[in-house]
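Asker: Structure below; questions to follow.
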């Protein structure tokens, strides 16, 4: 039996393609490969950087689907099903909206694959795939076996991706993480994480957790275990980390080079709207960010535009804040209601969604607004976002932000990484803007 696992592209056109040197290996596919019985042949195809041969022989196709890749995933599924190859869809999007995903596949996997993927394979071998699979019991997040051999010959950013936790204990109303995992938060045994990193033999590691410091006691145990490895790692975290100086010290000593933090907004009313008032951790953003800087940890800020308190003037203040606080880099994201989230349901009930099924709408384009904003027009908001990218990644801003000896310019690695991330950022974002999702 041969199984093909696929990572779909968000945008697949002749005019736009991902840059292979900046694409991260899709860890989900390697995880599924590791869960597959050894007698089954597995191949991984990355639609972002390679073409798919739909006519090659295979017995089952599994596609990992995010909301922004759903349209392309369904296009790929249709091509295989037209050739009589059964398709199973899994990942965040089919879990968030299973009734829709069911229409585009022979089967779907809802939730996590551990403890149920072997059943999928066994049923596929007997040509008896069920319409839907979902693990009904808890599954310990340990004894993880990731098979990265399926990426042989593919060109990815030379950084190892390792998962140490799953879930997030917070309940921000826009986020799909808690919808997928629930409010639970689980972590792998530190010795298991250490063993995986040692086997990879890489000195740069991306710990792909949604919030690696959510359980501070577990995080400290992990960071202590990482210290002897002498690696450099990055991850995602919340500013709650800055309230615990022992945690910050261990992050630095274990090799933390930087973290992505969801700042979202500097308006307290906006934070309340998205159920994230805790984000300023009681000391305010500047003080919290200074703690990170004092420990040599660079911060990439992620911001959300289009909340009810946003106006052109407030977004100008947001930009000034992002530059003044010398963020290593920044993401400026339009508030986008994901299906299955509380925010989506709220905007649907209030009639604020311009495109209720925006992820499938052929007229939706990347960077556009799918709801009626409160203090600014949808078109103006989309163009302000591009302006923020242009100015934040302008030369004067980059020079000012880079000249931070505590974090951004702490060593040659940080300096080179800063330049490689910042110099092309505005151009690449401008290239995506206005592109339809999926393939032509």
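FYI, it's all coordinate maths here, none of it is from the lab. Quick caveat: nothing in here was measured; it's all calculated off a predicted structure. Cβ: placed from backbone, ideal geometry, glycine included. Neighbour counts: every protein chain shown.
Asker: Restricting to region 98-257, compute how many DSSP beta bridges are antiparallel as a %, nearest 5.
Answerer: For region 98-257, the DSSP antiparallel bridge percentage is about 25.
Asker: Using the beta-carbon distance between residue 149 and residue 439 and R0 = 35 Å, what value does 1/(1 + (r/R0)^6) give for FRET efficiency, to the nearest 0.05?
Answerer: 0.80
Asker: Would you kindly give the portion of the calculated P(r) for region 115-229 that falls above 20 Å, as a percent of all Cα pairs?
Answerer: Summing the P(r) of region 115-229 above 20 Å gives 55 percent of all pairs.
Asker: Now for a different question. For region 1-52, what does the alpha-carbon gyration tensor say about shape, rounded, prolate or oblate, given a ≥ b ≥ c as the root eigenvalues, a/c under 1.5 as rounded, and a/b over b/c as prolate?
Answerer: Prolate is the answer for region 1-52, as a/c is 1.5 or above and a/b outweighs b/c.
Asker: Follow-up. Arrange the peptides 310-317, 137-144, 92-99 so that the one whose residues have, on average, the most other Cβ atoms within 10 Å appears first.
Answerer: Ranked by mean Cβ neighbours within 10 Å, highest first: 92-99, 310-317, 137-144.
Asker: Where is the GNM fluctuation largest for the chain (alpha-carbon springs, 10 angstrom cutoff): 352, 252, 232?
Answerer: 352
Asker: Now for a separate question. If R₀ is 56 angstrom, what is the calculated FRET efficiency for the pair residue 390 and residue 140, using the beta carbon separation as r and rounding to 0.05?
Answerer: 0.75
Asker: Modelled label-to-label distance, residue 349 and residue 317, 7 Å Cα→beta-carbon offset: nm?
Answerer: In this crude label model, residue 349 to residue 317 measures out at 3.0 nm.
Asker: Could you put 238, 368 in order, starting from the residue whose Cβ has the fewest other Cβ atoms within 10 Å?
Answerer: Ranking 238, 368 by Cβ neighbours within 10 Å, fewest first, gives 368, 238.
Asker: Something else about it: Out of all DSSP beta bridges in region 298-438, what portion is antiparallel? Express it as a percent rounded to 5.
Answerer: Restricted to region 298-438, the bridges split so that about 25 percent are antiparallel.
Asker: Please figure out what share of the DSSP beta bridges in the chain is antiparallel and state it in percent, rounded to the nearest 5.
Answerer: 10
Asker: Using 1/(1 + (r/R0)^6) with R0 = 41 angstrom and r between the beta carbons of residue 127 and residue 186, what's the FRET efficiency to the nearest 0.05?
Answerer: Result of the calculation: an efficiency of 0.75.
Asker: Only Cα pairs under 8 Å and at least 6 apart count here; give the relative contact order of the chain as a rounded whole percent.
Answerer: Result for the chain is 14 percent.
Asker: Run the numbers for residue 431 and residue 372: contour at 0.36 nm per residue of separation, minus the present Cα-Cα distance, in nm.
Answerer: Length gained, residue 431 through residue 372: 18.8 nm.
Asker: If packing is taken as the average number of other Cβ atoms within 10 Å across a peptide's residues, how do 386-395, 68-77 rank, most packed first?
Answerer: Going by the mean number of other Cβ atoms within 10 Å, highest first, we get 68-77, 386-395.
Asker: Where does the chain land at 222 nm, in deg cm²/dmol rounded to the nearest 500, when only DSSP H runs of n ≥ 4 count, each adding -39500 (n - 2.57), divided by all residues?
Answerer: Mean residue ellipticity at 222 nm (helix-derived): -10000 deg cm²/dmol.
Asker: Something else: Give the average over all directions of the projected area of the C-alpha convex hull of the chain, one decimal, in nm².
Answerer: 20.0
Asker: Of the candidates 101, 407, 56, which one comes out as most mobile in a Gaussian network treatment of the chain with C-alpha springs shorter than 10 Å?
Answerer: Most flexible of the set in this elastic network: 56.
Asker: Fully extended, how many nm does the chain gain between residue 22 and residue 379 (0.36 nm per residue separation, minus their Cα-Cα distance)?
Answerer: In short, 125.5 nm is gained.
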